[in-house]
Every structure is written in structure tokens, then in C-alpha cells.
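Right, one structure below, let's go through it.
The values are calculated or read from the model by the stated rules, or taken from the named source; none is laboratory data. What you are looking at is a predicted structure, and each value in this text was computed from that prediction instead of being measured. Cβ: placed from backbone, ideal geometry, glycine included. Neighbour counts: every protein chain shown.
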Amino acid sequence: MVGRIGYYKKKKIPVIYVAGTQVNQSRLNGVQDVLKIKGNSRSNEDTEVALANGFDLFTLSEDLKAKVVKFPPLVNLFGTYEGSATSQVLFHQKIKKIPTRYPLLAFHENNGVKTGVLCGEGVWKWKMQEFASYQSNEACQELVNKMVQLVAAKDDKRKFKVNLPKQIFKDNENIVFDAQLFNDSYEMFNEPEVFMSLRDENRKGVQI
């Protein structure tokens, strides 16, 4: 994958790198802006998960937060891991039970293209551990789904957005529309008045 980075950059294809024990540090450092790995040691190190503060690209369920810090350690290369100033870190590395500032899972966006890096191999152990302890893989699946959705999602540049919490409502149930309006700088504001027209099955409309 690292060798085809020119193709991915040209096509603006989002990528999630898994930096395991066989990764070429210099090549990985050169193909992404999420983090840099320093050190020439070829020895390995076990790293557990420490939740980072301030991550706001997506939210984790309380169930996932409680489980992931108890999952088996991943194995990565011994060295120093430095996140870029514009990266967002979801998990830090915890080494020998001591939390560090080294990124374990982090993301970066450049010109609308998102990239993620997971530092360590052995995620399959997480899935096995979760099923053995809880007879489900909901937490692992949640994490993978949100990682993929984040890097694959296209930025929405519409200036007016209207959302519904769901598509099907019960009779006499209140329906709440959530609307957001942005200016040319994509700053949210609410100066203009907004009107909406709805039509029933008989195409009879009402303005609200």
C-alpha cells in the first residue's frame, strides 16, 4: 500500500494505515501527515489503549470506551511516536501500564482527504477478547465502522442543511426538523428567516 501512495494522493483516496512490526518507518513517515515514528530499533513493544481527550471527529459509546481500555495490547515497533499539530488523536499508547502522549490511533485531513494511522498489529485479538467476555463484537464493529465512515465521508459544503432524526413517525408524534444555515465562510448564523412548505398525500401544502 505504501508504494502506491502517489496513486492514492492523485486520486484523493482516503487511507487507514496499520503500522505493525514490519512497517518501514521512513516510508510510512513520508506518505502521511498523521504522525512520525522515530528510532532505528527493530525491537517490538506491547501497547494498550489510553483514551485521549479532545477528540471530536466522532463519538464513542460508553460501552466501547469501557471495553477498549481492557482489550489485549497491540504490538508495534519500539520508538517515539509524534503526532502532527493538526492531527486528532483518538487513542494514546499505554506502555507498561503507563499512559504516554504517543498516538496509537489518530487521523488527519489534508485538502479534504482524510487519513488514519493505527500504530500496532493484533486488532484481531480485540474481537476475540470481546466475544469471549461478552458474546458479541458490537464494540469492535462500532470502532471499525466509525473509522471507515470518517475517512470515507465527503465534506458537506451546502449552506443550508435540514435533518430529521428518523424517516418514519407514528401518528400524532411530534416531528422536529433540525436546520443549520452557514455564511460564505461556512460559519453558522441565523439572521435570514427560513420558511418551509410541507405537502400531504393529496399534495395539499401548508407553510410553517
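Conditions tested, residue by residue: (1) under 18 Å from Leu28 (Cα atoms); (2) part of a strand (DSSP E or B).
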{"site": "Val89", "(1), (2)": "yes, yes"}
{"site": "His92", "(1), (2)": "no, yes"}
{"site": "Pro99", "(1), (2)": "no, yes"}
{"site": "Phe107", "(1), (2)": "yes, yes"}
{"site": "Glu130", "(1), (2)": "no, no"}
{"site": "Ala139", "(1), (2)": "no, no"}
{"site": "Leu143", "(1), (2)": "no, no"}
{"site": "Leu150", "(1), (2)": "no, no"}
{"site": "Glu173", "(1), (2)": "no, no"}
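Going through (1) over 17 Å from the mean Cα position of the chain (by Cα); (2) among the hydroxyl-bearing types (Ser, Thr, Tyr); (3) assigned to a loop (DSSP other than H, G, I, E, B) one by one, Tyr81 falls short only on (3).
Residues considered: Asp56, Asp33. Of these, the only one that is within 15 Å of Val117 (Cα to Cα) and assigned to a loop (DSSP other than H, G, I, E, B) is Asp33. For Gly79, state whether it is surrounded by 13 or more Cβ atoms within 10 Å (Cβ to Cβ), at positive phi and touching a residue at least 24 places away in the same chain (Cβ under 8 Å). Yes.
Condition check ((1) closer than 23 Å to Asp63 by Cα; (2) of a type in the set (Gly, Ala, Ser); (3) modelled with pLDDT of 95 or more) across all residues:
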residue: Tyr102; (1), (2), (3): no, no, yes
residue: Leu105; (1), (2), (3): yes, no, yes
residue: Asp171; (1), (2), (3): no, no, no
residue: Met188; (1), (2), (3): no, no, no
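If you go through the range 36-53 and keep only what is over 16 Å from the mean Cα position of the chain (by Cα), assigned to a loop (DSSP other than H, G, I, E, B) and without any contact (Cβ under 8 Å) to a residue 40 or more places away in the chain, you end up with Asn40, Ser41, Arg42, Ser43. Looking at Glu130, is it in contact with a helix residue (DSSP H, G or I) (Cβ under 9 Å, 6 or more places away or on another chain), in contact (Cβ under 8 Å) with a residue 60 or more places away in the chain, within 24 Å of Thr21 (Cβ to Cβ) and among the acidic types (Asp, Glu)? Answer is yes for this residue.
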